[in-house]
Amino acid sequence: MDGHATERYRKAGRALLAWLLSPLVDGLAAVGVTANDVTVVSLFAGLVAGAALAFDQFGWATAAILFASLGDAVDGMLARRTGSASVGGALLDAAVDRYGEFFVLAGLAILFHESTPMLVLVLLALTGSFMVSYGSAKAEALRVAVPDGMMRRAERATVLCVGVAMVPFAGELAARIEVPWVHHAPILFAVGVVAIAANASAVRRLRLVALAAAPVTAAKPLPGSDSQGRLSQRVS
């Protein structure tokens, strides 16, 4: 599947989600709830999800992640519906997205802290997640097109949420067949997918950003840049 087809599917998915959530957004707007209110509530939901994961409570974690994801989808729609969209609101939303993702993966890191391989896997997923977002931010800062690629935040959230939601069922199966490692297999698989795919996507994205930015920076250095100073630092 090429990048254009993938983007068409994403747009179709966003349009369907907007249609489904429209009544909820209208109701929130009618009672005076603001987009920032929803964003802050999503932050606390992410914190609850991380705490639940740290204590191996995957059922509660699933509910909290779904609630946080719902809030993340609603806040932008609510801001546009009420005409309150702003740079500050967008910044708050982006920051909460990063914190929410950190809470979930940090909770898993705490849960698996006694197993070095599992802990490393979670940390790789965390690194890949943040580096994909960094690649997008860097492209915007350099005024070049943000490269398309897999494992954007919504995709990472979907993979992790499915993995978390499957753990209670896997736990019942593990008890029946008496194979303990099956219990956490779904979330470890999901984290592994994010760890590999997100880091691969981040490397590809940063490479494309560097290639796209090279002609721009060569023709017109960015404000505050000091190519000679950077060169001397690299040599030293």
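Values computed for the structure shown
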read-out: For the chain, size of Cβ-based charge dipole, Lys and Arg +1, Asp and Glu -1, in debye; value: 960 debye
read-out: Residue order for Lys138, Lys11 - accessible surface, 1.4 angstrom probe, largest first; value: Lys11, Lys138
read-out: Accessible-area ranking of Arg8, Arg204, Arg153, largest first, probe 1.4 Å; value: Arg8, Arg204, Arg153
read-out: Of the DSSP H helices in the chain, those whose Cα atoms cover at least 30 Å axially and whose Kyte score averages -0.5 or more; value: 3-30, 58-82, 87-111, 116-141, 153-177, 185-219
read-out: Relative contact order (percent, whole number), the chain, Cα cutoff 8 Å, 6+ residue spacing; value: 19 percent
read-out: Whole-number Å³ per residue for the convex hull built on Cα positions in the range 1-147; value: 139 Å³
read-out: Per residue value of the accessible surface for the chain (all protein chains in place, 1.4 Å probe), Å²; value: 59 Å²
read-out: Accessible surface of the chain [probe 1.4 Å, protein heavy atoms]: carbon and sulfur percent; value: 69 percent
read-out: Two-site FRET efficiency, Met150 against Leu24, from Cβ-Cβ distance with R₀ of 25 Å, rounded to 0.05; value: 0.30
read-out: Heavy-atom SASA rank of Leu124, Leu28 (probe 1.4 Å, accessible area, largest first); value: Leu124, Leu28
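The values are calculated or read from the model by the stated rules, or taken from the named source; none is laboratory data. Owing to the predicted nature of the structure, the values given are computational and were not obtained by experimental measurement. Methodologically, a virtual Cβ is constructed for each residue, glycine included, from the backbone with ideal geometry; neighbour enumeration extends over all protein chains shown. Ligands, DNA and RNA are stripped out before the accessible areas are found, and what is left, the full protein with its side chains, is counted by its heavy atoms. Shrake-Rupley method; radii C 1.70, N 1.55, O 1.52, S 1.80 Å.
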